[in-house]
Amino acid sequence: MSEQVNGALTGLSGSLAADFARCAAITRQSSSNFYYAFKLLGAERRRALYAAYAFCRFVDDIADDDHVRDPALLLRRWREELDRVYRGDPTRAISRALADSVRRFSIPRRYFDEIIDGVEMDLARKRYRTFEELRLYCYRVASAVGLVCIEIFGYRNPRTRIYAENLGLAFQLTNIIRDVREDAERGRIYLPLEDLERFAVTEEEVLCGRHSDRFERLMEYQARRAREFYTLAERELAPEDRSNLLTAEAMRLIYRALLHRIEKSRYRVLDGKLRLSAPHKILLVTAAWARGRLRRARS
């Protein structure tokens, strides 16, 4: 166990410490863009983020794992486990850590239900006709996660919820752009079909991984939409909440850099998954931390 994880587990009983260590391991092993940003948090908030992330990762993987025979049944069981989380008698390592976290930070259950609703959408459909249809999906699988996160970070201004919603949409749209090939291999196209038609790109071209000038224009349109949501999020970040949201801002810098990386490649997302290096992510997290310190010094 790393020193970083050990620090986050100080003061916990042995069994609960093991549960949180399991959540931290899931977060670390996922190579998540979030993992490095979480290091900006104090121990109590950081382990709560590990628990929330592990729940989201575990539930999301149900829809993506071809070895799961009955994903709908597993999701129903996780809803039942959420009942136990909020009653205080969870039965799994992840949910025991989550129960401790929702109690400490008063996280509303509806956000976790929304996340499961979003995963259930993946079981029921593989196409979205319009952006408005896709937006509901993005809200459930990403904005709801952001709303969980800000309860852990702490905030005072209600506008911060709008910040979290828009930032979640921006993150998920960035993921969709990055993962076009990976999703196509599962027979899924998250790009709105109305946008494919606008740029004369067929579903078959996406599924076969056929890059073209038309595809570049389509993806440029998607990137522009993602950037708009990043801008909307920034506008709603209240000054009094900036110091609590350094982790969220680090995530924003990482995802904006990822989108820029994709744009510079001329949207070669059909060739393979584009990523940021670990040192690049660490640099961006450090930049977010430094900006926060500078603001505190000026205030």
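The values are calculated or read from the model by the stated rules, or taken from the named source; none is laboratory data. Everything numeric here is computed off the predicted structure, so don't read it as measured data. Here the Cβ positions follow ideal geometry from the backbone for every residue, glycine too, while neighbour counts run over all protein chains shown.
Summary of values
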read-out	value
Test for residue 218: is it touching a Leu at 6+ places or on another chain (Cβ under 8 Å) and within 28 Å of residue 41 (Cα to Cα)	no
Residue in the stretch 213-234 that is outside any helix (DSSP H, G or I) and out of contact with any Lys or Arg (no Cβ under 8 Å at 6 or more places or on another chain) present	no
Residues of the stretch 105-146 that turn out to be under 23 Å from residue 244 (Cβ atoms) and of a type in the set (Phe, Trp, Tyr), as a count	4
Residues of the stretch 171-204 satisfying the condition of being farther than 23 Å from residue 123 by Cα and assigned to a helix (DSSP H, G or I)	197, 198
Residues (in a helix (DSSP H, G or I) and touching a Lys or Arg at 6+ places or on another chain (Cβ under 8 Å)) located in the stretch 262-287	262, 285
Among residues of the stretch 251-266, those that are touching a residue at least 40 places away in the same chain (Cβ under 8 Å) and more than 18 Å from residue 228 (Cα to Cα), counted	1
Only listed residue being modelled with pLDDT of 90 or more, farther than 15 Å from residue 153 by Cα and acidic (Asp, Glu), chosen from 64, 70	70
Verdict on residue 124 being more than 25 Å from residue 51 (Cβ to Cβ), in contact with a helix residue (DSSP H, G or I) (Cβ under 6 Å, 6 or more places away or on another chain), small (Gly, Ala, Ser) and surrounded by fewer than 18 Cβ atoms within 10 Å (Cβ to Cβ)	no
Residue among 164, 170, 99, 93 that alone is of a type in the set (Gly, Ala, Ser), touching a residue at least 60 places away in the same chain (Cβ under 8 Å) and not assigned by TED's automatic domain parsing to the domain that holds residue 259	93
Some residue of the stretch 192-204 being among the charged types (D, E, K, R), within 22 Å of the chain's Cα centre (by Cα) and either crowded, with 16+ Cβ neighbours inside 10 Å or more than 30 Å from residue 103 (Cβ to Cβ) (or both)	no
Count of the stretch 211-233 residues which are among the charged types (D, E, K, R) and in contact (Cβ under 8 Å) with a residue 60 or more places away in the chain	1
